[in-house]
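Derivation of every value follows stated rules applied to the coordinates shown; laboratory data play no part. Everything numeric in this text was worked out from a predicted model, so none of it was measured. As a convention, Cβ positions derive from the backbone with ideal geometry for all residues, glycine included, and neighbour counts pool all protein chains shown.
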Amino acid sequence: MHILQVNQHDSSGGAAKIAHKLHHMFLSAGHSSWLAVSYKSKADKRVVQIPDLPPANHTWVRLIWWLRKPWEKRIGKRGTGIAMRALRALAYPHIEIERRKGHEDFDFPGSRKLLNLIPEKPEIIHLHNLHNDYFDLRYLPELSKKIPILITLHDEWLMTGHCAYTLGCKRWKIGCGQCPGLATYPKIPRDATNFNWQRKKEIYQQCRLYVAAPSQWLMKKVKESILAPAIVGASVIPNGVDQRIFAPRAKAEIRNELKLPVDVKIVLFILAKNFKRNQFKDFKTTKDAISIIMKSKTDKNIMAIGVGSEDAVNYFNQQDVKIIPYIKDERQLAKYYQAADVFIHAAYSDNFPTTILESLSCGTPVVASEVGGIPEQVEQAVNGFLVGKENPQEMADRTLKIISNDYLHVQLSKGALSSARLKFSFACMGEAYERLYFDMIGRSNKVER
């Protein structure tokens, strides 16, 4: 097969990790696989960059657009300096006006060059996250008439007037408007959510799309959304992790390697990017639960480890809370899951968090908020416990129950490993997508005949 995947990044974020792993799995299976991205960081000849083309053909616009390049190198492409904003406003006045109205920006001509970026015509185009300023959604109808299109939804953005997660709001079903969360990522300055929703709806009405989601929770929403009329095939394919890396190891051995005490119970948590401002991960509940755990009267010595941000040091005043900077190397990250006794994950909304899969694959039980697709990962009293949203006391109680009962901990560890191997490996995920691709191509060939 000739496969082209599309995502904003090739390395940053959960969607990028899934896309890049699938890309290499398909190459290993003998397929011709390519990955097109807006931001390329990996030295891979089969990862191609979507060109950053100016959205207008006027000479003065092109001149200002090229003048922008030196500033991007100094400030960063997402720079918010005065000079950067001034140049962008001069280069794209119509886009700036639309953005100030709250209209989502689809004006990215480079994404219309997808089929020219690789030397062969793809038989499948697999799209991942399409928001964050790089893809022209209006290109979908034309593209879906040429080649079978699969979209894997990693959040809810395609179905809403602007937000990546609806956080309980139901207005995405009826047209958005009167938005209660304009600041929800990706934020917009004014309430044009009904306009954005209607425009997406009109785009999808012209499309034929295959849709995949990692959770039943998200797929149920998809089938109730404006995407539904465009769907010719829908599949729930759970995300997976590399279980050659995320696998159990002897705790004493790994703790000695990490210079961690052997005679304590370790509670692990991962700090999301920009954890203080993250609207979907519940850092407050994590912090409060850790505080309760550390103050509990138990015969076990307890240590908490947070991975992801040095800034969090200022938010924990307990002596036995250790903060580790962000770890990019998966093998190094896996060591902390392997060393831990329990992993906790608090969220306001979540689709199918990879961190939970990584923990389960290491045989480490999970205590997590019962939101989104998490109940499809964590089975109550089998591989961990589900707790109410924004309930630090319950999260702490469940965590203490696991670390104070050795028999329960062993049983949950076995359950974690069993469920991960059965449902959450990269091999399972890759095989499911491969079968889906063959089915899409077969159905496409029948239609053409």
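Placing pseudo-labels 7 Å out from each Cα toward the beta carbon at LYS101 and TYR326 gives an inter-label distance of 3.5 nm.
Taking max minus min of the alpha-carbon positions on each principal axis, segment 293-449 gives extents of 71, 34, 28 Å, largest first. When each of the peptides 147-157, 252-262, 329-339, 92-102 is scored by the mean number of other C-beta atoms lying within 10 Å of its residues, the order from highest to lowest reads 147-157, 329-339, 92-102, 252-262. Residue pairs exceeding 28 angstrom between C-alpha atoms, taken from LYS187/LYS423; LYS170/LYS200; LYS42/LYS113; LYS221/LYS423; LYS42/LYS200: LYS187/LYS423; LYS42/LYS200. Once the mean of 1/r is taken over each pair of separate Cα atoms and inverted, the chain shows a Kirkwood hydrodynamic radius of 23.4 Å.
If contacts are Cα pairs under 8 angstrom and at least 6 residues apart, what is the relative contact order of the chain in percent?
12
Can you tell me which aspartates and glutamates have their Cα less than 14 Å from the Cα of LYS21? Leave out same-chain residues fewer than eight positions away. Of all the aspartates and glutamates, those that pass the test against LYS21 - Cα under 14 Å, at least 8 places apart if same chain - are ASP10, ASP44, ASP242, GLU330, GLU431, GLU434. Here's the picture: charge each Lys and Arg Cβ at +1 and each Asp and Glu Cβ at -1 in segment 338-449, and of ASN391, GLY442, ALA368 the one pushed furthest to the positive end of that dipole is GLY442. Using the Cβ-Cβ distance between ASN278 and ASN445 with R0 set to 35 Å, the FRET efficiency from 1/(1 + (r/R0)^6) comes to roughly 0.20.
Stretched out straight at 0.36 nm per residue, the stretch from LYS201 to GLU253 would grow longer than its current Cα-Cα span by 13.2 nm. Measuring nothing but how far apart in sequence close Cα pairs (under 8 Å, 6+ apart) lie, relative to its length, segment 251-424 scores a relative contact order of 23 percent.
Per-residue ellipticity at 222 nm, computed for the chain from helices alone with -39500 (n - 2.57) per DSSP H run of at least four residues, works out to -12000 deg cm²/dmol. Solvent-free Debye calculation, one equal scatterer per alpha-carbon of segment 171-285: log10 I(q)/I(0) at 0.09, 0.10, 0.18 Å⁻¹ equals -0.48, -0.57, -1.12.
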